[in-house]
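The values are calculated or read from the model by the stated rules, or taken from the named source; none is laboratory data. This one's a predicted model, so the numbers in the text were calculated from it and none came from an experiment. Every residue, glycine as well, gets a Cβ built from its backbone with ideal geometry; the counts of neighbours run over all protein chains shown. Calculation scope for accessible area: heavy atoms of the full protein, side chains included, ligands and nucleic acids excluded. Shrake-Rupley method; radii C 1.70, N 1.55, O 1.52, S 1.80 Å.
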Amino acid sequence: MELISILILLCYGTLLIALVIGFDSVSIFEEKSQPPTTKFSIIIPFRNEKDNLNNLLKSLVLLNYHKNYFEILMVNDQSTDNSVELIQLFKTQHPNLPIVILENNRKTISPKKDAIKTAIDKAQFEWIISTDADCTVPKNWLNTFNTFILINKPKLIAAPVTYKVSNSFLDQFQLFDFLSLQASTIGGFGLKKPFLCNGANLCYEKSVFNEINGFKDNDKIASGDDIFLLEKIHKKYPKKVHFLKSKEALVYTKPEPSITSLISQRVRWASKTTSVNNSFTKLVGVIVMAMNFLWAAAIVLLVLNLISWHYLFTIITAKFILDFILLQRIFHFYKHRLHFHRFLLNSCCYPFFSMFVIFLSLKKGYRWKNRSFKK
């Protein structure tokens, strides 16, 4: 047991240190804004988002970019509320905002991939940029992407996402969890081994999407529109995928409102991991899972008097230190306060939460937005 624990700790420590180095190697993008040149098709799938659309639309109105250089393609995925009517009303109130409402052309078991493909087929412009209906975008969002594209000539750009949270335990727990994923995302790009991105802030060329046949070979998996796209484009153009590390491009989204919806979301995220082809992604997943299992198992073994306090203290302290080094970087970049007592509490809860999600993800399916999906 001690030998296995040492091996897991060494692997986890090596991984976290590598991600810290990767995170630090991605420079903050602070270039002076360039005149609008790039034309964007903004794609936003939605389903029953009447409570969120108003904030999103208000942020889109404030975009500091020439209205002739972007369009907004909003794809209705069988909404049963008044989401469509709300968007139509907003269009009449802001006639200069180039919004088009499309109906999702369902062809696969993945509604979101179908929605994105539906919009890309209708898109006028070369650069696709996606976000979600429960997000808000910054006013210099398109300006920052435009400048980054002109300087770096990329094929795909992943960009930062964070939560707007309250002080509740559930919100804070999700913030810590989500920002750990964001830190790992940036770290992976810095290591030239990108393995995560977020479809709430993702930009790529329409021609490249068509060149790699879009979501072909992944359309039997309901989730993963962002990860699989990253994987395919990185394989084709390994030096042309970048992370836009800029607060001017930071998109805000909402945490899940309940523990039930949070578990459903994380199970949905976990369900796609077995279909990922990237060996580095799988290695990271195995190491993180092993560390969380070791942490949780050590607590149980201590209760059963099968290990000593010294043994448990060593495991916990090592994980705390490694996690804190990475998290403090992402909290600082996103301008969130890293409260040490919250860090300790969330760190104690997370391994058990993670193991529970993994257990549920082994089942044949899950529910999301009142629909059932198979893995």
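Summary table
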{"read-out": "Point-to-point label distance, VAL84-PHE356, nm (Cα→Cβ direction, 7 Å offset)", "value": "3.9 nm"}
{"read-out": "Theoretical gain in end-to-end length, TYR311 to PHE280 [0.36 nm per residue, Cα-Cα removed]", "value": "8.2 nm"}
{"read-out": "Theoretical FRET efficiency, 1/(1+(r/R0)^6), r = Cβ-Cβ of LEU304 and LEU10, R0 25 Å, to 0.05", "value": "0.45"}
{"read-out": "Highest-MSF residue in the chain out of ASP51, ASP77, ASP114 [GNM, Cα springs under 10 Å]", "value": "ASP51"}
{"read-out": "Accessible-area ranking of SER180, SER271, largest first, probe 1.4 Å", "value": "SER180, SER271"}
{"read-out": "Stretch gain in nm, segment LEU345-HIS94, where the contour uses 0.36 nm per residue and the Cα spacing is subtracted", "value": "85.8 nm"}
{"read-out": "FRET efficiency for PHE125 and ILE321, using Cβ-Cβ distance with R0 set to 56 Å, rounded to 0.05", "value": "0.75"}
{"read-out": "Among the listed pairs LYS50/LYS206; LYS67/LYS112; LYS32/LYS117; LYS67/LYS91; LYS58/LYS240; LYS139/LYS245, those beyond 24 Å (Cα-Cα)", "value": "LYS50/LYS206; LYS67/LYS112; LYS32/LYS117; LYS58/LYS240"}
{"read-out": "Within the accessible area of segment 208-257 (1.4 Å probe), percent carbon and sulfur", "value": "50 percent"}
{"read-out": "Helix 279-303 axis, angle to the chain major axis (alpha carbon atoms, nearest 10°)", "value": "40 degrees"}
{"read-out": "Whole-percent carbon and sulfur share, accessible surface of segment 25-148, 1.4 Å", "value": "47 percent"}
{"read-out": "Crossing angle, helix 225-236 versus the chain [Cα axis fit, 0-90 degrees, rounded to tens]", "value": "90 degrees"}
{"read-out": "Accessible area of segment 260-312 belonging to carbon and sulfur atoms, whole % at 1.4 Å probe", "value": "71 percent"}
{"read-out": "Calculated FRET value between LEU150 and GLU211, using beta carbons and R₀ = 22 Å, to 0.05", "value": "0.55"}
{"read-out": "Relative contact order, percent, the chain [alpha-carbon distance under 8 Å, six or more residues apart]", "value": "21 percent"}
{"read-out": "Simple label model, 7 Å out from Cα along Cβ direction - GLN328 to ILE109, nm", "value": "4.5 nm"}
{"read-out": "Highest-MSF residue in the chain out of LEU63, LEU301, LEU179 [GNM, Cα springs under 10 Å]", "value": "LEU301"}
{"read-out": "Accessible area expressed per residue, the chain, with surrounding protein chains retained (probe 1.4 Å, Å²)", "value": "47 Å²"}
